[in-house]
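Note sheet for the following structure.
The values are calculated or read from the model by the stated rules, or taken from the named source; none is laboratory data. Everything quoted here is computed from the prediction, not taken from an experiment. Cβ placement follows ideal geometry from the backbone for every residue including glycine, while neighbour counts extend to all protein chains displayed. Just the protein is used for accessible areas: all its heavy atoms, side chains included, with ligands, DNA and RNA removed. Shrake-Rupley method; radii C 1.70, N 1.55, O 1.52, S 1.80 Å.
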Amino acid sequence: QVQLVESGGGLVQPGGSLRLSCAASGSIFSRYAMGWHRQAAGKQREWVATITSYGTSNYADSVKGRFTVSRDNAKNTVYLQMNSLKPEDTAVYYCRATYTTLAYWGQGTQVTVSS
């Protein structure tokens, strides 16, 4: 069992930056692949980025070059650095932990990009 708690969301102007954090507890964090997903109002949840247990990262085309995912296994935390934010990045951002057939979600943190 893994518990995930996201933080760092908020209101930011277009072109601004935010860093989301996802703190994990309850299991061996380093073995999990960690992902970020988001869900805008009225839309389906979509994948944003993943970092594997080996540290390899992948990104959705919509955020490539603007977002960076990283992890600190000593702190059981994964981060999403978001730069050059656009209004279309507005969504609830969720953290997800996966290992073999296991998958766990956090409760989400709201990111609003607006002037």
Taking r as the C-beta separation of ALA103 and GLN13 and R0 as 22 Å, the FRET efficiency to the nearest 0.05 is 0.05
Between GLN44, GLN81, GLN13, which gets the highest mean-square fluctuation from a Gaussian network model of the chain, Cα cutoff 10 Å?
GLN44
Please give the contour-minus-distance gain from LYS64 to ARG31: 0.36 nm per residue of separation, less the Cα-Cα distance, rounded to one decimal in nm.
9.4 nm
Under the rule a/c < 1.5 gives rounded, and otherwise a/b versus b/c splits prolate from oblate, where does the range 1-77 land using the Cα gyration tensor?
prolate
Aspartates and glutamates with Cα under 18 Å of LYS43, excluding same-chain neighbours fewer than 8 positions away:
ASP61, GLU88, ASP89
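Would you please give the FRET efficiency between THR56 and ASN83, computed as 1/(1 + (r/R0)^6) with r the Cβ-Cβ distance and R0 = 30 Å, to the nearest 0.05?
The computed FRET efficiency comes out at 0.90.
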Expressed per residue, the solvent accessible area of the chain in Å² (1.4 Å probe) is about 52 Å²
Counting only protein heavy atoms and using a 1.4 Å probe, what share of the accessible area of the chain belongs to carbon plus sulfur, as a whole percent?
48 percent
Springs between alpha-carbon pairs under 10 angstrom, Gaussian network model over the chain: which of LYS43, LYS64, LYS86 fluctuates most?
LYS43
The range 94-109 and the range 1-72 have their Cα centres apart by a whole-number Å value of 10 Å
